[in-house]
Amino acid sequence: MYATTANYSKTRKITVLAAFAAVAAVLAMVVQIPVVLFLNYEPKDVVITFAGFLFGPMAVFALSLVVSFIEMVTVSNTGPIGFLMNVMSTCAFACTAAYVYKKRQTIKGAVSGLILGILLATAAMLQWNYIITPIYMGVPREVVVGMLLPVILPFNLIKGGLNAALTLLLYKPLTGALRASRMLPEREEGEVSAQKWGLGVFLVSGLVLASCAMVILIFQGIL
């Protein structure tokens, strides 16, 4: 029998969260896609958003701390400042999306949460890059201000678009597999089913992915 919400154990929840953390950390270490200048895209926030959709914003916060710390002590050369920026970026996007979706577990709830997450994360990173990057890079603030609109803004919009599209594409297949393996409880009442998730969601997500990929190729001078 499937686990139900009532008997879903803390041990099983911790196991699933630990698996998400491990996958997110591996992705952060091995998948680095150049976007613009020194900024790379890595899909760890997609996995962390999955955890947020399943278990809520606090799961996002916990995983963002763990995964960002692992990244800091392994592949990152930005130290504590990079750790802080990673946590803030992930939480702004994924905590927002998870909060909205847990309040309204529908397609509209997922899409609106992800869009709001993109906007908040983009705004937050513009602000924090303005404040922190001059200190970290040792350059005048005017240099960073000159990078905000042509570099930081499009990077965070592309990053958010990729994260949102991949989340919409993969969330229902993932939860279906986890429920089939009895690692998740049965679908809660009111939660949208995989069938209602619909072909339209996948088509729109694919279009967003293709658009972001084309923009990246343009930034790289390939197109």
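Computed from the coordinates by the stated procedures, all read-outs in this text should not be read as laboratory data. Because the structure is a prediction, the values reported are computed rather than measured. Please note: Cβ atoms are built from the backbone with ideal geometry, for glycine as well, and neighbour counts cover all protein chains shown.
Taking every alpha-carbon pair within the chain, the share separated by more than 30 Å comes to 24 percent. A straight chain from residue 218 to residue 127 at 0.36 nm per residue would run longer than the Cα-Cα distance by 30.2 nm. Each distinct pair of alpha carbons in the range 91-223 adds a 1/r term; the inverse of their mean, the Kirkwood radius, is 16.6 Å.
Springs between alpha-carbon pairs under 10 angstrom, Gaussian network model over the chain: which of 69, 38, 83 fluctuates most? Looking only at 69, 38, 83, the largest GNM fluctuation is found for 38. Summing Lys and Arg as +1 and Asp and Glu as -1 over all other residues whose Cβ lies under 12 Å from the Cβ of residue 95 gives a net charge of 0. The stretch between residue 69 and residue 170 holds 33.8 nm of extra length on full extension. This uses 0.36 nm per residue minus the Cα-Cα distance. Normalising the average separation of contacting C-alpha pairs (under 8 angstrom, six or more residues apart) by the number of residues puts the relative contact order of the chain at 23 percent. Two tests apply to each whole DSSP H helix in the chain, Cα reach of 24 Å or more along its axis and mean Kyte-Doolittle hydropathy of at least 1.6, and the ones passing both are 57-74, 194-219.
Restricting attention to the chain, lysine pairs at least eight places apart or on different chains and with alpha-carbon atoms under 24 angstrom apart total 23.
Each peptide in 204-215, 9-20 was scored by the mean count of other Cβ atoms within 10 Å over its residues; highest first, the order is 204-215, 9-20.
How far apart, in nm, are the 7 Å Cα→Cβ label points at residue 181 and residue 207? Here the modelled spin labels are 3.4 nm apart. Modelled spin labels at residue 104 and residue 38, positioned 7 Å past Cα toward Cβ, are 4.0 nm from each other.
In the chain, the DSSP-assigned H stretches of four residues or longer account for a calculated mean residue ellipticity at 222 nm of -25000 deg cm²/dmol, using -39500 (n - 2.57) per stretch and the full residue count as denominator.
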